[in-house]
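The values are calculated or read from the model by the stated rules, or taken from the named source; none is laboratory data. Computed from a predicted model, the values in this text were never measured in an experiment. All Cβ positions, even for glycine, are placed from backbone atoms using ideal geometry, and neighbour counts span all protein chains on display. Surface accessibility is based on the protein's heavy atoms, side chains included, excluding ligands, DNA and RNA. Shrake-Rupley method; radii C 1.70, N 1.55, O 1.52, S 1.80 Å.
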Amino acid sequence: MTSTVDGQLPGVALPKSELLEMYRLMVLIRRFEEVAAEQYALGKIAGFLHLYIGEEAVAVGAIRAMDPEDHLVTHYRDHGYALALGLDPRRCMAELFGKATGLVGGRGGSMHFADASKHFWGGYAIVAGLLPIAAGLGLASKYLNQRRVAVAIFGDGATNNGAFHEALNFAALWKLPVLFLCENNQYGMGTAVQYASAVREMYRKACAYDIPAEQVDGQDVIAVYEATKRALDHCRSGNGPYFLEALTYRYRGHSMADPETYRSKEEVEEWRRHRDPITRLREQLLTHNVATIEELAALDRAVEEAVAEAVRFADESPEPDPATLTQFVYADPITVR
Amino acid sequence: MAREITYRDALREALREEMYRDERVFLMGEDIGAYGGSYAVTRGFLQEFGPERVRDTPIAELGIVGLGIGAAIGGLRPVVELMTINFSLLAMDQIVNHLAKIYYMFNGQFTAPVVVRTVEGFGQLAATHSQFFENYFAYVPGLRVVAPAVPKDAKGFLKAAIRGNDPVIFIEHSLIYRNRGEVPDGEDFVLPLEGAEVRREGQDVTIVSWLRGYYLALGAAEELARAGIECEVIDLRVLRPLDIETIVRSVQKTNRLVIVEEGWKSFGVGAEIAAAVQERALDYLDAPILRVASVEVPMPYARNLERLVVPNKDRVIEAVREVLYQRLPAPVAR
Ligand SMILES: Cc1ncc(C[n+]2csc(CCOP(=O)(O)OP(=O)(O)O)c2C)c(N)n1
Ligand SMILES: [Mg+2]
């Protein structure tokens, strides 16, 4: 293979700085998740913890393709999106620790990250519940004559729920700027796609609503980036919604309690070894002399340190003040007693 | 003869026995097969009974209950599982507008004997995964709503629910699956789907609760007994139909009532019990009826905040002392 422009991958218009940032973010997500699992085992994190290991390219490719003004809503597997958005890993970890310094003050934990300043309107834990909300964000954008696209992140499992179909129909009917980005990691908890969905390719469901759709390799960050860019352009140009399916895989259990009786170790190993998104980008960068081993190692070290610092920060942060328990139930005052 | 088994095993036995007894009984729900059930109640069932009778479903609660209704009308005995009670909200239309109505609305011509198993609980699961909704179901005529606290009831109720002709909402609790208790032998051990039970006798205060709240009540009663206060503890067991008689009888003896519930206080099961008790036994009451319930906020994730929300033994003890007018002086602020 030949390298075209110095510091670039063949056929890819992205500058070196962007490629390295994609690499760094994927490594950051992976390391963050590995350490979160360790901290869970130590009892620092509790409840449900859904890790994103193996799926990093989807969040990074998608978020890097978005405009800062675009809306984002995700399902509960949300750490990767928060980190890809550039949210502070310390505040992300503090949220997992249930600390006052967390993204949402320790109220939400793993499943409910959010940051209004980034138009990240939250991770939602009722499967498919976020899809009509995304359509509503699209409605607001169109109503207000904005150029913002609402991006909805959800799993393969969510596509079998009624809320999914209602949301797609609304978005198509009213030509709303919504990007439906389905992370098909091939399982909803322990149920493989073929036992839950009458069609195995999620993107084909969009045709029922006349929404243009395609499948992209979710282990290829650049492919995800490029597909997301195209899809966002489509939505932004007033053509209505778009449906993207990213084919991916989660290496860890569904949550920390998963007995993983439903799939073989070999299957997981196969993806880890041959379809890993980080290894893939790393090899591309090295093969085409976009980056040196030393450059990548320096990024790895910086990530390692950032995640260690995130744990220190989370550990040392205070618990939420008990006096805040009843704050934020209502936005307007209540005067009756 | 009886054996001591866990609450989870009591449920497993009930399901297995009824599946062997009646070919028409089948299970349907999310991750009940290959995954083994979120709370391992149906672990191994897929291997034992096969995919026709242990059906993994899409994440489609409305569909799960709706298909259950159709299958029941069509002659089957479905036991459908809603992974947690939080997701039952997605099925509410099928449960309330369809399941609960069919027998009455069509003038008693046919029934829809669906058993809906679901589970509530908490454990740093945050706002949408830590809710208590038994009152939503208990509100609806046409549904039977059971909430067994002990293994014996879990087994006897589940078997009766499967054999019965009415729709049954069968509510479990994630924090009591490992609790142990005696269960009578015999494949025909079934219990009627009604009636509260006095599980501890006492003359000073009546405490009523169900599911995990029942264990809080027992714990509080034991601790209070050491201080010379004898509580009568009633396990409600069934929320609809509500056995108010058993509670009233107890209150006529103790003249004081504390209700322990894990849900929010306003418009909850406790409100119904308190109202019904005062209708029948106002003259017997020597103190206001108190409810120990969750603080009225969406559940926060942080451990320290969550602990403030849900009822605990100390709050039950406090309430008992309060209805005895023995309220301890407020602790000095630290
Ligand atoms: C309405 C609803 N039903 C069930 C659940 C329990 N649950 C949580 S995640 C999940 C699987 C979702 O699978 P998918 O949409 O493919 O996302 P993934 O976890 O694979 O990323 C289930 C069944 C839920 N949260 N909400
Ligand atoms: Mg999935």
- Item | Test result for A:F180, more than 13 Å from chain B (Cβ to nearest Cβ), crowded, with 24+ Cβ neighbours inside 10 Å and either within 16 Å of ligand 1 (Cβ to nearest atom) or not in a strand (DSSP E or B) (or both) | yes
- Could you please tell me which pairs satisfy a Cβ distance under 6 Å, a separation of 6+ or placement on different chains, a first residue in the stretch A:174-197 that is on the phi < 0 side of the Ramachandran plot, and a second residue that is of a type in the set (S, T, N, Q) and within 12 Å of ligand 2 (Cβ to nearest atom)? A:E183/A:T248; A:N185/A:T248; A:V193/A:Q186; A:A196/A:N160; A:S197/A:N160
- If you go through the stretch B:237-251 one residue at a time, do you hit one that is at pLDDT 95 or above, surrounded by fewer than 24 Cβ atoms within 10 Å (Cβ to Cβ) and under 19 Å from B:V310 (Cβ atoms)? no
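Results for (1) under 20 Å from A:F154 (Cα atoms); (2) touching a residue at least 12 places away in the same chain (Cβ under 8 Å), shown as yes or no for each residue.
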{"site": "A:E55", "(1), (2)": "yes, yes"}
{"site": "A:D67", "(1), (2)": "yes, yes"}
{"site": "A:D70", "(1), (2)": "yes, yes"}
{"site": "A:A94", "(1), (2)": "no, yes"}
{"site": "A:G98", "(1), (2)": "no, yes"}
{"site": "A:S117", "(1), (2)": "no, no"}
- So which helices (runs of 4 or more DSSP H) are wholly in the stretch B:249-334 and hold at least 2 residues that are within 14 Å of chain A (Cβ to nearest Cβ) and under 25 Å from B:F137 (Cβ atoms)? B:303-309
- Task: Pairs only if they're at least six apart or on different chains, beta carbon under 6 angstrom, first in the stretch B:97-125 and touching a residue at least 40 places away in the same chain (Cβ under 8 Å), second open to solvent by 10 Å² or more (accessible area, probe 1.4 Å) and assigned to a strand (DSSP E or B); list them, first residue then second.
- Result: B:R117/B:E81
- Message: Could you go through the stretch B:150-158 and let me know if any residue there is acidic (D, E), in a strand (DSSP E or B) and open to solvent by less than 10 Å² (accessible area, probe 1.4 Å).
- Response: no
- Message: Considering only residues that are within 9 Å of chain B (Cβ to nearest Cβ), in a loop (DSSP other than H, G, I, E, B) and in contact with a strand residue (DSSP E or B) (Cβ under 9 Å, 6 or more places away or on another chain), which ones fall in the stretch A:86-125?
- Response: A:V104, A:G108, A:A125
- Note on the structure: Flagged in the stretch A:138-176 as hydrophobic (A, V, I, L, M, F, W, C), under 22 Å from A:D78 (Cβ atoms) and open to solvent by 30 Å² or more (accessible area, probe 1.4 Å), in numbering order, are A:A140
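Listed here are the residues, each with its yes/no results for (1) modelled with pLDDT under 95; (2) within 16 Å of ligand 1 (Cβ to nearest atom); (3) closer than 29 Å to A:E38 by Cα; (4) under 14 Å from the mean Cα position of the chain (by Cα).
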residue: A:R64; (1), (2), (3), (4): no, no, yes, yes
residue: A:M93; (1), (2), (3), (4): no, no, yes, no
residue: A:M111; (1), (2), (3), (4): no, yes, yes, yes
residue: A:G122; (1), (2), (3), (4): no, yes, yes, yes
residue: A:L131; (1), (2), (3), (4): no, yes, no, no
residue: A:L144; (1), (2), (3), (4): no, no, no, no
residue: A:N160; (1), (2), (3), (4): no, yes, no, no
- Message: Quick check on this structure: which one of A:E283, A:E266, A:E245, A:E294 is of a type outside the set (G, A, S) and either in contact with a Phe, Trp or Tyr (Cβ under 6 Å, 6 or more places away or on another chain) or assigned to a loop (DSSP other than H, G, I, E, B) (or both)?
- Response: A:E245
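Okay, residues lined up against (1) open to solvent by 80 Å² or more (accessible area, probe 1.4 Å); (2) out of contact with any Asp or Glu (no Cβ under 6 Å at 6 or more places or on another chain); (3) touching a residue at least 40 places away in the same chain (Cβ under 8 Å); (4) more than 14 Å from chain B (Cβ to nearest Cβ):
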| site | (1), (2), (3), (4) |
| --- | --- |
| A:R230 | yes, yes, no, yes |
| A:T248 | no, no, yes, yes |
| A:T292 | no, yes, no, yes |
| A:D300 | no, yes, yes, yes |
| A:E304 | yes, yes, yes, yes |
| A:E319 | yes, yes, yes, no |
- Task: Might you check whether a residue that is of a type outside the set (G, A, S) and within 16 Å of ligand 2 (Cβ to nearest atom) occurs anywhere in the stretch A:226-241?
- Result: no
